[in-house]
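Some notes on the structure that comes next.
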Amino acid sequence: MFGDLMGMMGKLQEAQKKVEETKKRLETVSIEEQSYDGLLRVSVSANNKIRSVTIDDELLKDKEQLEDYLVMVLNNAIGKATKISEAELAAAAKDGMPDIPGLF
């Protein structure tokens, strides 16, 4: 019984290590998103950190349009990053988990 428990604890620690490694790797994954006309481009990491924002000079003339573009493009990029991150972290966690009936 204790052997099984120790084995499960080891697997849980392994799963936690895999999740931490995946989080570090996700910092290097870039998601690029742009407005439909290419006037605004953003880059975010899969950990939802904004890396860069590129704004065409044309957008600087219209504050309201720029604000709308920023909201739209950043939300799209963050949404994609979140999906990637959630899928990768779930896979890492599930891969290292011990076989416990009904857990997954």
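Where a number appears in this text, it was derived from the coordinates with a stated rule and is not lab data. The shown structure was predicted, so the numbers you read here are calculated from the model rather than taken from an experiment. Don't worry about glycine lacking a Cβ; one is built from the backbone with ideal geometry, like all the others, and counts go over all protein chains shown.
In this structure, does Ala15 turn out to be surrounded by fewer than 16 Cβ atoms within 10 Å (Cβ to Cβ) and either without any contact (Cβ under 8 Å) to a residue 12 or more places away in the chain or in contact with a helix residue (DSSP H, G or I) (Cβ under 7 Å, 6 or more places away or on another chain) (or both)?
On the way: surrounded by fewer than 16 Cβ atoms within 10 Å (Cβ to Cβ): no; either without any contact (Cβ under 8 Å) to a residue 12 or more places away in the chain or in contact with a helix residue (DSSP H, G or I) (Cβ under 7 Å, 6 or more places away or on another chain) (or both): yes.
Judged against the criteria, Ala15 is not a match.
Exactly one residue among Val71, Val44 is of a type in the set (A, V, I, L, M) and either touching a residue at least 40 places away in the same chain (Cβ under 8 Å) or part of a helix (DSSP H, G or I) (or both), and that residue is Val71.
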